[in-house]
Amino acid sequence: MARRVQLISGIKVGRYDYRRAAQLERLVQDRFSRYNTSELCGIGPEDFRARVTERVGTVDPQVEGYRDDELARQRDLSIKFHWGHDHDFGGFRLSGKMGAHHLRLVVDFCSLFPLSPEDFRDREVLDIGCWTGGTSLMLTALGARVTAVEEVKKYADMIAFLSKSFGLEDRLRAVPCSLYACGGEEFFERFDIIYLPGVLYHLSDPVLALRILYNACRIGGRILLQTQCIRHRKPYCRFEGSHIIRNGSRTDLSRGGWNWFLPSASALTRMLVEAGFEQVDACYHGSTLYALATKSARIGICKAGLSVPEIR
C-alpha cells in the first residue's frame, strides 16, 4: 500500500510504498547479517566478543580529552560507551540505543526518493556521525567504500576494530574527527554520496557544516540527510541548545538531547541551497525530515557573516 508524503518547494509529491519497503528491509538485513563471527579475519570469536563487550558501559571522559570542569556540559553518549545499533554477531547479540534504525534509514531513503540499494555499490561514501559502526557496516554491505567520520574517539576506535576484524580495511576507514575538520584536501570533491542521518540537529553551525560536506562531494554527487525537525510551512528553525536533556538518567549517563537547531523542511531546503546544493528534495516522514540534494556544479558561497570566511 502506498501513502502520500508531503514534499516541499514544488517538488513532485512522492509515495512511500510500504510493500517495497518491507522487501528492501529484508534485503538490507540479509546483507548486514554477513558481519558475524563466522566471517572474522585474524581474530577468534571469543577474543572478538571480549574486545567488543568489554567497552560497553565504560565511563572514560579522559579518552575524549575533557577537562574536569567541562564534564557537566558534555553528552552522556560521549562520556560513557553506549552501543549504537542492534547487531547479531552470531555467537552473541548486542542491543543498541538506536535499535535497527540504521537499517530502516536506508530503506526510508530508497522508499522516499528515486534510490535503490544498488546505488551505493562501488560508490565512495562519507558517513558522518556513525557511532559504533552499524551504519558504516551496513553501507559496506551494500557495496560502498566508506570513510566513517566520528568525533567521539572511543566509537571511531570501535569502527576501526570492526573493520579490521571483518577484513574491510580496504573498504571501511574510520576517521576520529569532527565534521568541521573535514575541509582538507583529503576530503575535497572525493565522495559520490554524503550520508548524514541523525546529525544536522546536533550541529551548532549547520550552514558551515553543509558547505564543508558540499566541498567533499563530487560534482554529480548527492547528499542524503535525515534530521529531527519542526513541521512548519515557513523556513523556521527551533533552537534548543545543550541545556535541553531528555529521557534516561544522570546516574546511568543514558540521557538524550543536546540538540541545537531543528529545521522545518523549507528551512532545510534553503540551508542546502545556501551551501551550494541543487535539485533539493525534502519531505517529512513520521516525526523526522529527509532530504536528497545534488551537487550539480562548483559554485561559491556568500561569505558575509560566515563563521569561517576563508572556506572555499
At a Förster distance of 30 Å, what's the computed FRET efficiency of Glu189 paired with Glu70, Cβ-Cβ distance as r, to 0.05?
-> 0.25
Compare the peptides 174-185, 135-146 by average per-residue count of other Cβ atoms within 10 angstrom and give them in order, highest first.
-> 135-146, 174-185
Tell me, in nm to one decimal, what length is gained between Val308 and Val273 on full extension, where the rule is 0.36 nm per residue of separation less the Cα-Cα distance?
-> 10.8 nm
Highest first, please rank the peptides 244-255, 205-216 by the mean number of other Cβ atoms sitting within 10 Å of their residues.
-> 205-216, 244-255
Which distance in nm do the two modelled labels at Ile299 and Phe92 give, with both placed 7 Å along the Cα-to-Cβ direction?
-> 5.2
Arg246 paired with Glu54, simple spin-label distance in nm, labels 7 Å along Cα-to-beta-carbon = 3.6
Toward the positive end of the charge dipole of the chain, about the Cα centre and with charges on Cβ (Lys, Arg +1; Asp, Glu -1), which of Leu306, Gly276, Tyr236 goes farthest?
-> Tyr236
Plugging the Kirkwood radius over Cα pairs into Stokes-Einstein for the range 139-254, at a temperature of 20 °C and a viscosity of 1.002 mPa s, what D comes out in µm²/s?
-> 131
Taking the alpha-carbon centre of each part, the distance from the range 194-263 to the range 137-191 in Å is 20
In whole Hz, the Karplus estimates of ³J(HN,Hα) for the range 276-290 (6.51, -1.76, 1.60; θ = phi - 60°; x where Gly or Pro) are x, 6, 10, 6, 7, 10, 10, 8, 7, 8, x, 9, 10, 10, 10
Taking only the alpha-carbon atoms of the range 39-92, the convex hull volume per residue, in cubic angstrom, is 92
Cut-off 10 Å between beta-carbons: net charge of the residues surrounding Ser163, Lys and Arg +1, Asp and Glu -1 = +1
With N residues in the range 210-262, Rg(alpha-carbon) / (2.2 N^0.38 Å) equals 1.59
Arranged from highest to lowest average of other beta-carbon atoms within 10 Å per residue, in what order do the peptides 256-269, 30-43 appear?
-> 256-269, 30-43
Tell me which lysines have Cα within less than 16 Å of Lys153's Cα, excluding those fewer than 8 residues away on the same chain?
-> Lys80
Can you check how the C-alpha radius of gyration of the range 2-294 compares to 2.2 N^0.38 Å, as a plain ratio?
-> 0.98
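Rule-based calculations on the coordinates, nothing more; no lab input. Bear in mind that the values here come from a model prediction, so they are computed numbers and not experimental data. Glycine also receives a Cβ, built like all others from the backbone with ideal geometry; neighbour counts cover every protein chain displayed.
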